[in-house]
Amino acid sequence: MITRQEKVSLLPYNTFGMDVKADWLVEYGSPAELREVLQSDLVQRHECLVVGKGSNLLFLSDFRGVVIRSRYRALSVLREEDGAVYVEVGSGMVWDDFVAQCVERGWYGAENLSLIPGQVGAAAVQNIGAYGVEVKDLIHEVRTMEMGTGRKRTFTQAECRYGYRESIFKKEERGKYVVVSVVFRLGTQPRYCFGYKHLEEAVRQRGDVSLGNVREAVIEMRRSKLPDPQQWGNAGSFFKNPVVPKARFAALLAEHPDMPHYYVSESEEKLSAAWLIDRCGWKGRNLGPAGVWGKQPLVLVNLGGAAGRDIRHLAEQIQQSVHGCFGIELQPEVNYIGE
Ligand code: EPU
């Protein structure tokens, strides 16, 4: 069923806890309904924003347009071959519910991404990642509809042009397509990713290396570091980890030998935004109702009653200080909506 509401609070649809309003909220439950929504006058004539759980958005003001949400949560197994299962999942399924099902059914690949907030559609746009895995590693194809026409278009994994927290849906084709469903390719034989050194230790402490134990270890690690958005509004990591050319990295490392860094390619190295922010003295600090989380300074939190602009102001101050201390420009990972 398609539902359409006017002047709706977006409080339940953004994890930062911003009490902003949208002119309209339209929700759909199937691909056929999405086509009807996309071809409607309302959508054709107004600005539209597709929102899942809003776990990567910062609303700076009310949204003067139509917010579109998916309630399409179907999961179907398409085929099984060569040690892999191909599963199509509706964009409105809660990401972590999907991970829980994978673990239950013995499908390998998604377990390191346990407890990441958001829905399946947004996960494919954002290329969510944690503990050495990015969702692009599991995506076979992304099925979409074109915003203005409702025409179907399937993007192969390569066509999605995935990068670190990047995809074609955030860049060249931003706002042009709505994700209908995602086809994942998961393993049916045991295979784990323990690239992140603390994860394997945490799993072994629980006993056997199993999907269930990996999921539980990840959940415990995330809970110990990251604030629960129900309690402290936040959108996970606020900034991306900066990627810098090797020469720049060598100069920084000479000055700061204890600086954490991760290999990206022959020409580039990734630095830790959390470490840079920590070194600039921001950990646990706040500017009014906007705070920097004490256990993971990459996460900015709404300490209660913060407006989007308070969070943006804090983010800008942090960017200035990191630029002043290290000459590095931190880029927000969170998308600002409005002005
Ligand atoms: N660090 C500090 N001070 C702190 C905390 C961390 O200096 O208070 C340094 C440490 O050196 C630590 C390093 O930062 O080793 C990295 O910290 P962490 O392992 O928490 O990972 P991250 O790079 O800060 C990324 C993702 C997270 C993901 C974790 C785990 C980004 C922007 N963030 O954070 O993703 O959960 O790795 O894999 O890539 C998200 O995107 O919203 C998110 C939470």
State whether the residues of the range 88-103 include one that is closer than 23 Å to Ile219 by Cα, hydroxyl-bearing (Ser, Thr, Tyr) and in contact with a strand residue (DSSP E or B) (Cβ under 8 Å, 6 or more places away or on another chain). yes
Looking only at the range 222-243, decide whether some residue is more than 16 Å from the ligand (Cβ to nearest atom) and over 25 Å from Gly284 (Cβ atoms). no
Could you look through the range 281-306, keep only residues that are surrounded by fewer than 19 Cβ atoms within 10 Å (Cβ to Cβ), among the small types (Gly, Ala, Ser) and within 20 Å of Asp62 (Cα to Cα), and pick out the one that is nearest to the ligand (Cβ to nearest atom)? Gly304
Given the condition surrounded by 16 or more Cβ atoms within 10 Å (Cβ to Cβ), within 11 Å of the ligand (Cβ to nearest atom) and over 27 Å from Gly65 (Cα atoms), answer yes or no: does some residue in the range 313-335 qualify? yes
Those residues of the range 263-280 which are over 15 Å from Phe239 (Cβ atoms) and surrounded by fewer than 17 Cβ atoms within 10 Å (Cβ to Cβ) amount to Tyr263, Val264, Ser265, Glu266, Ser267, Glu268
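Yes or no, residue by residue, for (1) crowded, with 24+ Cβ neighbours inside 10 Å; (2) away from the ligand (no atom under 16 Å from the Cβ); (3) touching a residue at least 12 places away in the same chain (Cβ under 8 Å):
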| residue | (1), (2), (3) |
| --- | --- |
| Gly90 | yes, yes, yes |
| Trp95 | yes, no, yes |
| Glu104 | no, yes, no |
| Tyr108 | no, yes, yes |
| Leu113 | yes, no, yes |
| Ala124 | yes, no, yes |
| Asn127 | no, no, yes |
Go through the range 143-167 and count every residue that is under 30 Å from Ser40 (Cβ atoms) and either buried (at least 18 other Cβ atoms within 10 Å of the Cβ) or within 16 Å of the ligand (Cβ to nearest atom) (or both). 8
Anything in the range 195-218 that is within 12 Å of the ligand (Cβ to nearest atom) and either at pLDDT 95 or above or within 30 Å of Thr144 (Cα to Cα) (or both)? List them, or say none. Leu199, Val218
Do we have any residue at all in the range 31-50 that's closer than 28 Å to Leu226 by Cβ and either modelled with pLDDT under 95 or not β-branched (Val, Ile, Thr) (or both)? yes
Would you check if Asp23 is within 21 Å of Arg309 (Cβ to Cβ) and more than 19 Å from the chain's Cα centre (by Cα)? yes
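The values are calculated or read from the model by the stated rules, or taken from the named source; none is laboratory data. Quick caveat, the model's predicted, so the values are computed rather than measured. Ideal geometry is used to build each Cβ from the backbone, glycine not excepted, and the neighbour counts take in all protein chains shown.
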